[in-house]
Amino acid sequence: MSRYLAVRLYSMGLTLAGLTVLVFLMLRLVPGTVVEQMIGADAVVSQAMVDELKRFFGLDQPWYVQYVGWVGRLAHGDLGTSWRTGKPVILLILERLPVTLELTILSVGFALALGMPAGIVSAIRRDRAIDQVTRVGTLLGLSVPVFWQGTMLILFFSLYLRWMPPIVWVDLFTDPRRNLTIMLLPVVCLGTASAANIARTTRACMLDVLRSEYVRTAAAKGLTQRVVVLKHALKNALIPVVTVVGLQAGILLGGTVVVEEVFTLPGVGRLVLWSIYQRDYPVTQSTILFIAVLFMTINLAVDLLYRYLDPRIRYAG
């Protein structure tokens, strides 16, 4: 186990190193810098002033010098300071992280609560009406774009039916009821595609397990269908489902960028979009890396969970 963990941490380090290069170079391909954003397109500013601003932000140095400086600061635990606000990047992330974590956790819970029962029922009632409805529903859930779904939900529930309050953010601990009301539409929007994915995976795994000899034997012994399905079939179908859930949790974490912007939630995803628009390189680079670390940590936790689901699993070094 320890050797496997060491290998995984090493591979995560290599992945992060490659990601630093990719993020750094891709940001430099976006036209304009923070200097152009600050002075504006129509401002009359001397070239000397522009050069001075570039020296202030370190943009006059070659890209590889800027990269080495950034990575060196990361190695010492310094995520940098925002060029636009002057605040440390870590503080900006921590201020907005609770919103993103709450949105992600609630979306995963919604996807599990909807996807797993739908997949189980669809497998048990194979080729019947409920199975056909579930399969069509999962196809629609995977096909509808998140930004379009979010816009339609806002138009229908907030503007047409007037069931939802205006989205003015309220912290969970300040007013839990209003907070969860505000989170309802974003959670449905973000979790729909994941629920569809989980339902399809659960259905496929359950169909495979239900054809197994030990499941037929359990049914032949006179056990109820509920016991056969939940105790014998579902338990052995969980590992692929857990894998998908782990991947979906990471995908949902990244998907918060779009949902937070559509629903104006003050989370980390919206911080990334704001920093890209403002060309605030330190915020963008460090925030993307932070999200990547969370994504890889979730995947590692899912891999370690396999051992508890199936004690027969052994980790190779």
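The values are calculated or read from the model by the stated rules, or taken from the named source; none is laboratory data. This structure is a prediction, so every number in the text was calculated from the model and none was measured. Counting neighbours? That spans all protein chains shown, and the Cβs are built from the backbone with ideal geometry, glycine included. Surface areas here come from the heavy atoms of the whole protein model, side chains and all, with no ligands, DNA or RNA. Shrake-Rupley method; radii C 1.70, N 1.55, O 1.52, S 1.80 Å.
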In the stretch 177-221, anything open to solvent by less than 60 Å² (accessible area, probe 1.4 Å) and either outside any helix (DSSP H, G or I) or hydroxyl-bearing (Ser, Thr, Tyr) (or both) is listed as Thr181, Thr192, Ser194, Thr201, Thr202, Ser212
Let me spell it out: the conditions are (1) among the hydrophobic types (A, V, I, L, M, F, W, C); (2) touching a residue at least 12 places away in the same chain (Cβ under 8 Å); (3) closer than 24 Å to Gly254 by Cα, and Phe57 meets all of them except one. Which number is the exception? (3)
Checking the structure you have, find out if any residue of the stretch 252-270 is of a type in the set (Gly, Ala, Ser), under 26 Å from Phe295 (Cα atoms) and open to solvent by 10 Å² or more (accessible area, probe 1.4 Å). yes
Filter the stretch 88-104 for residues that are over 17 Å from Glu261 (Cα atoms) and among the β-branched types (Val, Ile, Thr); which is most open to solvent (accessible area, probe 1.4 Å)? Ile90
Restricting the search to the stretch 159-218, which residues are among the charged types (D, E, K, R) and modelled with pLDDT under 80? Arg162, Arg211, Glu213, Arg216
Can you confirm whether the stretch 52-72 contains a residue that is in contact with a strand residue (DSSP E or B) (Cβ under 8 Å, 6 or more places away or on another chain) and assigned to a helix (DSSP H, G or I)? no
Please find, within the stretch 116-170, the residue that is surrounded by the fewest Cβ atoms within 10 Å (Cβ to Cβ) out of those that are farther than 28 Å from Glu260 by Cβ and of a type in the set (Ser, Thr, Tyr). Thr134
If you check every pair at least six apart or on different chains, which have Cβ atoms under 6 Å apart with a residue in the stretch 27-52 that is closer than 23 Å to Ile288 by Cα and open to solvent by 50 Å² or more (accessible area, probe 1.4 Å) first and a residue that is assigned to a loop (DSSP other than H, G, I, E, B) and modelled with pLDDT of 75 or more second? Gln37/Gln278; Gln37/Arg279
Are any of the residues in the stretch 279-287 closer than 30 Å to Leu59 by Cβ, under 14 Å from the mean Cα position of the chain (by Cα) and at pLDDT 90 or above? yes
From the list Thr81, Thr104, which residue is out of contact with any Ser or Thr (no Cβ under 9 Å at 6 or more places or on another chain) and of a type in the set (Ser, Thr, Tyr)? Thr81
